[in-house]
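Rule-based calculations on the coordinates, nothing more; no lab input. If you're wondering where the values come from, they're calculated on a predicted model, not measured in any experiment. Here the Cβ positions follow ideal geometry from the backbone for every residue, glycine too, while neighbour counts run over all protein chains shown.
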């Protein structure tokens, strides 16, 4: 009779151990899936950032080309003005000053746009980091609660077995 009870206890312990191992494996797989999803999201954001950076650089290059063209036009205009109005230096100086001022304004605007874009990108990265950290913390709490529930279930099961085995 004692052998039978010992076998039943051993069988129950094996079942609980098996269930605990299955739960651990499921939790490990869930964590890996969550990490993979987070990695995929981070990779997608990285790709978006790279694409946006490339597009921004292309736009800067395009604007640079436009500026170079404008500078060439300004230079041609200047040469024409020199030929046509050699005697009127004040007019030429004023016109050049206006064009330089416009050019400086354009450059200042481009600088502000670039800085704002960088600030938005940094804010986006900070937000993503915060969300990632929050999600990881939440996952950790869920895992801890799950472990506590499994331990309580194991303790309850052991107590029932002991009660059943007690004469």
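Counting every pair of alpha carbons in segment 69-167, the share spaced more than 23 Å apart comes to 67 percent. Can you grab the distance from the C-alpha centre of segment 1-67 to the C-alpha centre of segment 112-167, Å, no decimals? Segment 1-67 and segment 112-167 have Cα centres spaced 13 Å from each other. If R₀ is 30 angstrom, what is the calculated FRET efficiency for the pair residue 60 and residue 95, using the beta carbon separation as r and rounding to 0.05? Approximately 0.65, to the nearest 0.05. Here the residues 27, 114, ranked from fewest to most Cβ neighbours within 10 Å of their Cβ, fall in the order 114, 27. Between residue 71 and residue 25, the contour length at 0.36 nm per residue exceeds the alpha carbon distance by 9.9 nm.
Projected onto their three principal axes, the Cα atoms of the chain cover extents of 125, 18, 8 Å, largest first. Shown for 74, 122: other C-beta atoms within 10 Å of each C-beta, ranked fewest to most, produce the order 122, 74.
Out of every Cα pair in segment 1-88, what percent are spaced more than 14 Å from each other? Above the 14 Å cut-off, segment 1-88 has 81 percent of its Cα pairs. Annotation: average projected area of segment 32-80 is 2.8 square nanometres, based on the convex hull of Cα atoms across all directions.
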